[in-house]
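One structure is given here, and the rest of the page talks about it.
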Amino acid sequence: MANIFLDTNQIFDLVVRKPELGQTLVEHQVFYSPLSAHILCYTESVRIPSQGVIDILKKLVCIDLNSKILNQALLGPTTDLEDNIQLHSAVEADCDIFLTSDKKLLKTGYFGKVRLQSTIS
């Protein structure tokens, strides 16, 4: 069992594009940032309350977006604040894997001890 952090694009996959992703995550502890829930609901014009979103997200662990994570994210490692918040949230959750389809992030390979990858192998 691994601790896996889902980048926002993976939350979109899980909720909207590829719900079968959930089957590959069943045996793992899965984390996300509340920022991802906000982006998902805003982008997809999800009307709240949404039982579907609630049912999926309650199976995951939400990492609090706090001033420590924000202050670290403002310093990097990338020039994209949202990416930085996600990466620092994964570290805060002591994750082994950061699951993303962001090609730019995947090129970095690791952030601290967190391995960035596009699939669960």
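Structure data summary
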quantity: Computed Kirkwood radius, in angstrom, where 1/r is averaged over Cα pairs of region 1-59; calculated: 11.7 Å
quantity: Average accessible surface area per residue within the chain, 1.4 Å rolling probe, Å²; calculated: 57 Å²
quantity: Built amide H within the under 5 Å cut-off of F111, gap 5+; calculated: L116
quantity: Protein accessible area in the chain, 1.4 Å probe - carbon and sulfur %; calculated: 55 percent
quantity: 19 Å Cα-Cα reach of K113 towards aspartates and glutamates, excluding residues that sit fewer than 8 places from it in its own chain; calculated: D7, D83, E92, D94, D96, D102
quantity: The chain: relative contact order as a whole-number percent, Cα under 8 Å and 6+ apart; calculated: 31 percent
quantity: Cα-based convex hull volume of region 4-121 per residue, rounded to whole Å³; calculated: 103 Å³
quantity: Pairwise FRET efficiency - K59 versus S121, Cβ, R0 = 22 Å, nearest 0.05; calculated: 0.55
quantity: Enclosed volume per residue, in Å³, of the convex hull spanned by Cα atoms of region 50-97; calculated: 95 Å³
quantity: Computed [θ] at 222 nm, deg cm²/dmol, the chain (DSSP H ≥ 4; -39,500 (n - 2.57); rounded to nearest 500); calculated: -10500 deg cm²/dmol
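The values are calculated or read from the model by the stated rules, or taken from the named source; none is laboratory data. For clarity, every value in this text was computed on a predicted model and none was experimentally measured. Neighbour counts run over all protein chains shown; Cβ positions are idealised from the backbone, glycine included. Heavy atoms of the whole protein, side chains included, go into the accessibility calculation; ligands, DNA and RNA do not. Shrake-Rupley method; radii C 1.70, N 1.55, O 1.52, S 1.80 Å.
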